[in-house]
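As structure tokens, the structure follows; a few thoughts come after it.
What follows is calculated from the coordinates using simple rules that are stated; it is not laboratory data. Note that the structure is a prediction, hence the values are computed from the model and not measured. Cβ: placed from backbone, ideal geometry, glycine included. Neighbour counts: every protein chain shown.
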């Protein structure tokens, strides 16, 4: 189900302790769905206002699909031990995301690990299974 | 006894004859406080998602995020808005183009989850954040005359020391909400007074009072606290040149720039 970004923002603004009013509303991401992707890094964009991982992921038919995966701003990643050098093109990784509601191959990154399960930087204070 | 009033008068006249700069210098503490390092607001921990850590953790586990979020009193939901202020707040809630965030501006730079740093000298204090927003505080007695002021997103700041407390007086700030979508919709007539001090080791507090005859019924007081930023050995600056957000829509993430060029 799609719902207007305005509605989501209005809801966020009505709540005194507004949750997570970031650079933009997060309504475009479906927080009821958590998807795990395994793929190969095409590009890591260390940029403002968001970092992005361009990840090549094979779909069910074996075709490569490029996903645009949004992250926080560089300063937030830096505080968690991330650097521009942590992801190189061709590197296999695994990420958990909230996907885009519109069905496009994209989402917001919640956790990221190497292919063999090692946390990249410090995703969260405690490990999430 | 008659000599005392005479001596006092002489002392006052002598002080009045001291150049203004020297008078101000007399109020500067002999030893300036050490607020070096990077500081982040207490109670805000941002994950790699750009969301609060608790919310990110819940989402990663497929759970409902806990209520609350970033600790941002300067968003202004508890401010004593008057009718004009309420009108602006209502307009704000109906916005869709919510991507005005090339920086945080004043006063939000004090309440972002981005780190800030203080540069304290005898004649100036500068507060700088990761977007290079700056509060440039002159140790001066008064602002320029109204005719010689022009509003900016950072305002005009003067300051003085009261013991170990830095008092910053800021005016001529453009409506902060026009610069950053999360900021309060105050007018450029607003007057901001901050009282910043280290109340205990590794802990700074900032008591801020805002008065705005255009949008507030009375003084709006907020309390901010800061702790040393962990994970930084340097400030992380970056240009704002990769906004792939399709603002005002729910249409998602724009393709990378190289693909936009090749398709355009």
Worksheet item: So for the pair residue B:207, residue B:239, with labels modelled 7 Å out along Cα→Cβ, what separation do we get in nm?
Response: 4.4
Worksheet item: Using the beta-carbon distance between residue A:61 and residue B:90 and R0 = 41 Å, what value does 1/(1 + (r/R0)^6) give for FRET efficiency, to the nearest 0.05?
Response: 0.25
Worksheet, complete the sentence: Classified through the alpha carbon gyration tensor (a ≥ b ≥ c as square roots of its eigenvalues; rounded if a/c is under 1.5, else prolate when a/b is larger than b/c, else oblate), region A:29-114 comes out oblate
Fill in: Relative contact order (percent, whole number), region A:29-114, Cα cutoff 8 Å, 6+ residue spacing
36
Discussion item. Calculate the FRET efficiency for residue A:119 and residue B:34 from the Cβ-Cβ distance with a Förster distance of 30 Å, rounded to the nearest 0.05.
Written reply: 0.30
Worksheet item: Once label points are set 7 Å from the Cα along Cα→Cβ at both residue A:36 and residue B:145, what is their separation, rounded to one decimal in nm?
Response: 7.1
Fill in: Antiparallel bridges, percent of DSSP beta bridges restricted to region A:29-114 (to nearest 5)
90
